[in-house]
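The values are calculated or read from the model by the stated rules, or taken from the named source; none is laboratory data. Because the structure is a prediction, the values reported are computed rather than measured. A quick note on method: Cβ atoms are made from the backbone with ideal geometry, for glycine too, and the neighbour counts reach across all protein chains shown.
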Amino acid sequence: MTKTLQIAFLFLFSLLLLSCNSKDKKEKYTEISRTSTQYIDGYVGDKNCVACHQTEVALWKGSHHDLAMQIANETTVLGDFNNVEITIDSVDYFFYKKGNDFLVKIKEIDTSEKEYKITYTFGVTPLQQYLVDFEKGKKQVLRVTWNVIKKKWYHQYKGDKIQPHDWLHWTKSAQNWNTMCAECHSTNLKKNYSIEEDSFNTTYSSINVNCESCHGPAEKHVAWAENSSEDKNNYILSPKKQKEQLNLCATCHARRAKLTENYVPGEKFEDQYMVQNITNNYYHDDGQIDDEDYVFGSFMQSKMFDEGVKCNDCHNVHTLKLKFEGNKLCLQCHVPANYETEKHYFHKQNTEASLCINCHMTDKNYMGNDFRRDHSFRIPRPDQSEKYGTPNACTECHTDKSNQWAADVIKNKFGNKRAPHFSDALLMSTKNNLTEGQRNQLDNFINDLNYPEIARATVIENLDYYAPEQFKTLLIALKDSSAIVRYNALLKFRNIAPQERLSVALEHMNDSIKLVRIGAAQLVIGLDENTLNGIDKSNYINSRSELETMLFANADFSTGRLQLGDYYFQKNDLPNAIKHYEMALKKDSLLLPVFSNLATAYSINKDFENASKILEKWILIDAKNGRPHYLKGLLNFENNNNEIAVSELKIAIKLNPNDTRSLYNLATYYFQDNKDLKQAETYIKSALKIDSENPDFNYLLALVYKEKGQTTKANTIMLKLKVNQY
């Protein structure tokens, strides 16, 4: 039995994008409270735009973009700092002013107390947040927030008592402005993160989101205008097509991971970012918004996206307000005779229930009081809610009614059949033990261009791939017109034989899109470069460089350090892997995947003591998780403590009955070491009930049958696996 701990390679590109005391070392870091503006890279500031673009600038003034970030003063601070004392979630606050300064004294849950000066405001409505300067160039966003509508202080996600050591505490990484917020609240933001010192020297060209954030650096454009040039190229971005607009808007209005160090306006989105798939960590199983998605991920699911609808078809790009109120906005395209009728929405006209958005753009409250609407523009499906537990617009209004009641109303209105929808595939792809027919449906869905690319990419991510015929689907997907489909298909080849993996990777290292090239590079991390002899290495070197750029661009995130640890682990560079894993835990003491990977690295490094300590620490903070017990089991097998190992694996199964790896390892132990064929058969059959297609599980069962003399049963499985029979 293989007893070495197994690494959980978790290239977590879907980095958390949250809303955004110490002695200063200002001689070492840029003092950005007053002097961070740097007109570099051709950026000149919005003051140069006013002379020619007075109307546009006037519309932009006072917008969310204009007021995205401001220096704290009497004009910009909206919160009440007039000697206000409050206690929220066991934290005491005292807000007051001293001269021109706005201050808050905070007594934490652990009774520690400190005074902080507010240096910046963040946002303007429906809430306003406040920034505090910390050492090493860091700025932190206070948890306590001003409700602009109700004019009171509150905690986002009230009820959570967050300890000062917790990653979510406002002084820690989750609320660090440099990492979590800055890029989308200022223009030409440069984080300038030092990976060795864990420090920042962050700069920007403009404190807010100004003209150049969307139109690009204006230096050449200003020169063109001042010289009255007849050059048709006016050296400024004015996107007209959908893709061009989304290359700009989606950079911030998307849950995404960075692929490069710094954003370049107008470059292709997939050359700079990777959008988060609509997986159930962030969305409901059917793709509806759950966690913050910032619009793009849901919009990509919509028919509007497919039909080429642009952001500025509904939104004024300067004021950011809707172009029209009520149904008039939708009736720009949708014929009123068909849609502005009680027959269509079967509610009385001119009521809340007759508004298009209340049925097709359900909303959710984020950050305490910020309501945002789902941009997938979907038809309510209470029948899916009844079957899968997903939300629907009907029962969100009719709270006294059931999902079945709503489903029956729809059925009575429209009959039994529903038009094919990608949500059916998404829901199916999250389930275990798919039938052959269901799997075929999903394979067909993946390569059906009539469905949204983000849904097809997500189904690829959700599925496991074992059989050769399943990889045929992926081979087609590798040629898809969508970069995110190609990327997700590539990643599924990680577990095939090295030479075949290399062959697949080499074909895509010169892809036209950086995201795909990075995916190809991921396939061959740790590959023996001698296998490249006789092959042109230029594409390999380039794609690997792009992968490393992506990894280091995200190194200020705790998950970014986890990625770097995984990268070095796969390159067999254990010292660097351990260094980055340890830093990931320093940034986020509750980032659970790090515990698994760090314990593995320690174990391979024969540091069993630290491996055991890190697993014990994991158990203390996550007592209901079976994973650390599973790893403790493997660690004890490694040290020939079989009795303890078996006990730990049984605890893991008790905590998580669907833990197939613990079931498999127990079955392997009983088959190989203990020679208890009855127990081996029991455990491996339990694993197969959960994952019937897994070839390793099936192969072990065949070995058990062979050992028991049940050759026919063994051969049946071997035939299914297409390997030599007994």
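Scanning region 386-444 for residues that are in contact with an Asp or Glu (Cβ under 6 Å, 6 or more places away or on another chain) and either at pLDDT below 95 or of a type in the set (S, T, N, Q) (or both) turns up 390, 403, 404, 423, 430. Scanning region 397-433 for residues that are under 29 Å from the mean Cα position of the chain (by Cα), surrounded by 15 or more Cβ atoms within 10 Å (Cβ to Cβ) and of a type outside the set (Val, Ile, Thr) yields 421, 422, 423, 424, 425, 426, 427, 428, 429.
Filtering region 61-71 down to residues that are more than 16 Å from residue 182 (Cα to Cα) and of a type in the set (Gly, Ala, Ser), which residue is farthest from the chain's Cα centre (by Cα)? Explain how you work it out, then say what you get.
Of region 61-71, the ones more than 16 Å from residue 182 (Cα to Cα) are 61-63.
Then drop every residue that is not of a type in the set (Gly, Ala, Ser), which leaves 62-63.
Values: 62: 31, 63: 27 Å.
That would be 62.
Going by what's in this entry, would residue 558 be described as under 23 Å from residue 495 (Cβ atoms), of a type in the set (Ser, Thr, Tyr) and buried (at least 23 other Cβ atoms within 10 Å of the Cβ)? Spelling it out, it is not the case that residue 558 is under 23 Å from residue 495 (Cβ atoms), of a type in the set (Ser, Thr, Tyr) and buried (at least 23 other Cβ atoms within 10 Å of the Cβ).
Taking the numbered list (1) over 22 Å from residue 593 (Cα atoms); (2) of a type in the set (Ser, Thr, Tyr); (3) at pLDDT 95 or above in turn, residue 531 passes all entries but (3). Of the residues that make up region 698-718, is at least one under 35 Å from the mean Cα position of the chain (by Cα) and over 28 Å from residue 612 (Cα atoms)? Yes, there is a match, as at least one residue in region 698-718 is under 35 Å from the mean Cα position of the chain (by Cα) and over 28 Å from residue 612 (Cα atoms). Can you say whether residue 134 is crowded, with 21+ Cβ neighbours inside 10 Å and either in contact with a strand residue (DSSP E or B) (Cβ under 6 Å, 6 or more places away or on another chain) or closer than 30 Å to residue 195 by Cα (or both), as far as the supplied structure shows? So residue 134 does not fit the description; no.
Taking every residue in region 484-504 that is at positive phi and pairing it with any residue that is surrounded by fewer than 21 Cβ atoms within 10 Å (Cβ to Cβ) and of a type in the set (A, V, I, L, M, F, W, C), at least 6 positions away or on another chain, yields no pair with a Cβ-Cβ distance below 7 Å. Take residue 461 and decide whether it is under 16 Å from residue 278 (Cβ atoms), among the charged types (D, E, K, R) and in a helix (DSSP H, G or I). Yes. Do the conditions hold for residue 488, that is, is it in a helix (DSSP H, G or I), of a type in the set (S, T, N, Q) and either closer than 22 Å to residue 523 by Cα or at pLDDT below 95 (or both)? It is true that residue 488 is in a helix (DSSP H, G or I), of a type in the set (S, T, N, Q) and either closer than 22 Å to residue 523 by Cα or at pLDDT below 95 (or both). Any residue that is in a helix (DSSP H, G or I) and under 30 Å from residue 123 (Cα atoms) - is there at least one of those in region 331-354? Yes - at least one qualifying residue is present in region 331-354.
None of 642, 656 is under 27 Å from residue 611 (Cα atoms) and touching a Gly at 6+ places or on another chain (Cβ under 7 Å) except 656. If you go through region 385-420 and keep only what is among the charged types (D, E, K, R) and in a loop (DSSP other than H, G, I, E, B), you end up with 400, 401, 417, 418.
Regarding residue 230, is this residue in contact with a Phe, Trp or Tyr (Cβ under 9 Å, 6 or more places away or on another chain) and either outside any loop (DSSP other than H, G, I, E, B) or farther than 21 Å from residue 546 by Cα (or both)? Taking the combined requirement at face value, the residue does not satisfy it.
Residues in region 648-701 that are touching a Lys or Arg at 6+ places or on another chain (Cβ under 9 Å) and not in a helix (DSSP H, G or I): 656, 659, 693. Checked against (1) in a strand (DSSP E or B); (2) crowded, with 18+ Cβ neighbours inside 10 Å, residue 96 passes all but a single condition, namely (2).
When 584, 577 are checked against the criterion of being buried (at least 24 other Cβ atoms within 10 Å of the Cβ), within 23 Å of the chain's Cα centre (by Cα) and more than 21 Å from residue 519 (Cα to Cα), a single residue qualifies: 584. Residues satisfying the criterion are absent from region 514-523 (criterion: part of a loop (DSSP other than H, G, I, E, B) and either among the small types (Gly, Ala, Ser) or over 19 Å from residue 541 (Cα atoms) (or both)). Of the strands (runs of 3 or more DSSP E) lying entirely inside region 111-224, those containing at least 1 residues that are over 25 Å from the mean Cα position of the chain (by Cα) span 113-122, 127-133, 144-147, 152-155.
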